[in-house]
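To start, the structure under review is shown below, and the notes come after it.
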Amino acid sequence: MANSDATLRDKRILLVIAGGIAAYKSLDLIRRLKERGATVRVVMTRGAQEFITPLAAGALAGGTVYTELFDREAEQDVGHIRLAREADLIVVAPATADLMAKMAGGHADDLAGAILLATRLPVLVAPAMNPAMWAHPATQRNIATLLADGIRLAGPERGEMAESGEAGTGRMSEPLAIVAAVEGLLAGGKADASENVADGKPLLGKHVLVTAGPTHEPIDPVRYIANRSSGKQGFAIAAAAAAAGARVTLVAGPVGLADPEGVSVRRVETARDMLAAVEIALPADIAIFAAAVADWRPAHEAGSKLKKDGSGIVPPLHVTENPDILATIAHRRDGRPGLVVGFAAETDDVLENAEKKLGRKGADIIVANDVSPANNVMGGAANTVHLVTPEGIESWPQLPKDEVARRLIHWIAGRLKPTA
């Protein structure tokens with residue numbers, strides 16, 4: 001039965017199924033896409049046919065399943081080029097380590113590889129592999145290349161593997177999560193929005209609010225409580241949002257960075273200052289809370305410098321909790337931004353803590369990163385982030401902070417619901 005909420009009506013999806021145990025999920029993915037009104041064409045690698053049959057995929061898709069590059073009938077009109085053109089989106093699910101390596105290297109020795117090399121369409125890949133394969137430096141290099149080429153990722157997710165006793169990041173995202181990613185990517189396909197996307201301005205007409213940097217909570221006129229945040233990631237996000245066409249307000253804590261071009265910057269010192277500036281800046285379509293706000297502040301600020309008196313007695317420092325800016329805005333009944341993005345800077349149990357924060361804070365997305373000293377994230381030039389949503393976790397390889405910002409902004413733009 002057709003879904004009354006045909007969010008993909010008249011959309012043409014080319015689904016490439018590679019050879020992994022997760023291929024069985026692709027059969028449900030076909031059904032879910034068709035429920036939403038999409039037309040689905042299927043390409044299967046030889047490896048995929050070891051797990052599911054073209055007959056099963058074709059029955060669900062309602063059409064021919066393409067398997068061979070040198071198919072005499074299909075290639076009479078250069079079929080692989082036709083398949084690479086006649087769709088709105090290509091989805092690769094599951095995307096094995098081998099297929100992604102071929103994509104990164106530009107190999108075209110089978111039908112799937114030839115299509116993916118010849119296409120000019122957006123491509124969404126849903127990786128699926130053993131956690132050790134996902135974590136291998138070769139795979140991470142290939143992922144970085146694919147992301148740099150504009151390929152989009154859905155997953156992988158953490159969980160139990162098909163192999164007994166194996167668990168970790170590498171599970172293919174569930175079909176409904178992949179469908180959500182497809183809907184997000186194609187949401188900008190309306191006539192009035194497509195030109196903006198094509199021009200690289202997917203946030204034209206939107207107001208984006210960004211926070212960045214640390215806060216300084218004064219102990220006395222000289223000393224303060226703070227953290228090691230440089231503000232580089234938040235400033236890069238603000239610049240990327242402006243480049244994507246948005247009107248951007250950046251609320252920045254004490255940092256030594258120049259104002260990004262085309263961005264309205266409001267500089268603050270304390271967490272309370274930052275919350276006040278954020279509330280003044282509302283309404284916003286998107287709010288991205290990248291600032292590393294101090295959790296506590298001194299209960300009382302000394303009016304003059306606290307000094308040692310030689311007695312060896314340390315003056316007591318009583319602290320009180322600062323306002324939670326992310327939770328305050330995310331839980332607003334009136335004037336809540338359409339999309340609220342928070343950051344989770346963790347030193348242990350990064351993904352587990354980020355998932356808890358997602359629900360507790362009321363955010364739509366949490367961008368998690370490991371800020372342990374060994375990773376040199378705070379103050380460094382690179383970042384490794386995990387995008388945590390109710391649908392699952394999307395992990396990115398280590399990238400320059402400017403590149404993280406650019407991809408994050410375009411990823412967020414893809415999740416925005418089109419305005420009427």
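Of all residues in the stretch 46-63, those being in contact (Cβ under 8 Å) with a residue 24 or more places away in the chain and either among the basic types (K, R) or in a helix (DSSP H, G or I) (or both) number 8.
The single condition among (1) loosely packed, with under 12 Cβ neighbours inside 10 Å; (2) part of a loop (DSSP other than H, G, I, E, B) that T320 does not meet is (2). Of all the numbered requirements in (1) out of contact with any Lys or Arg (no Cβ under 8 Å at 6 or more places or on another chain); (2) over 20 Å from I237 (Cβ atoms); (3) assigned by TED's automatic domain parsing to the domain that holds S230, K308 misses one, and that requirement is (3). Taking the stretch 223-312 as the region of interest, the strands (runs of 3 or more DSSP E) fully inside it that hold 3 or more residues being buried (at least 23 other Cβ atoms within 10 Å of the Cβ) and of a type outside the set (S, T, Y) are 247-252, 286-289.
Among the residues of the stretch 266-321, those that are farther than 24 Å from I409 by Cβ, without any contact (Cβ under 8 Å) to a residue 40 or more places away in the chain and aliphatic (A, V, I, L, M) comprise A276, A299, I313, V314. Looking across P323, P254, P260, one residue alone is in the same structural domain as K206 (by TED's automatic domain parsing), over 24 Å from V377 (Cα atoms) and not hydrophobic (A, V, I, L, M, F, W, C). It is P323. Consider P337 carefully, then state whether it is at pLDDT below 85 and not in a helix (DSSP H, G or I). Judged against the criteria, P337 is not a match.
For the stretch 12-45, the set of residues classified as more than 15 Å from M129 (Cβ to Cβ), under 25 Å from the mean Cα position of the chain (by Cα) and assigned to a loop (DSSP other than H, G, I, E, B) consists of R36, A38, listed by residue number. Residues that are at pLDDT 90 or above and either basic (K, R) or touching a Cys at 6+ places or on another chain (Cβ under 6 Å) (or both) within the stretch 79-132 comprise just one, K102. Residues in the stretch 232-265 that are touching a residue at least 40 places away in the same chain (Cβ under 8 Å) and not hydrophobic (A, V, I, L, M, F, W, C): K232, Q233, G234, G245, R247, T249, G253, P254. On the stretch given as the stretch 158-193, residues that are modelled with pLDDT under 80, of a type in the set (K, R) and not in a loop (DSSP other than H, G, I, E, B) total 1. Does T328 fit the bill of being in a helix (DSSP H, G or I) and in contact with a Leu (Cβ under 9 Å, 6 or more places away or on another chain)? Yes: the conditions hold for T328.
The values are calculated or read from the model by the stated rules, or taken from the named source; none is laboratory data. Keep in mind the model is a prediction, meaning the values are calculated, not measured. Neighbour counts are summed over all protein chains in view; Cβ atoms, including those assigned to glycine, are modelled from backbone coordinates with ideal geometry.
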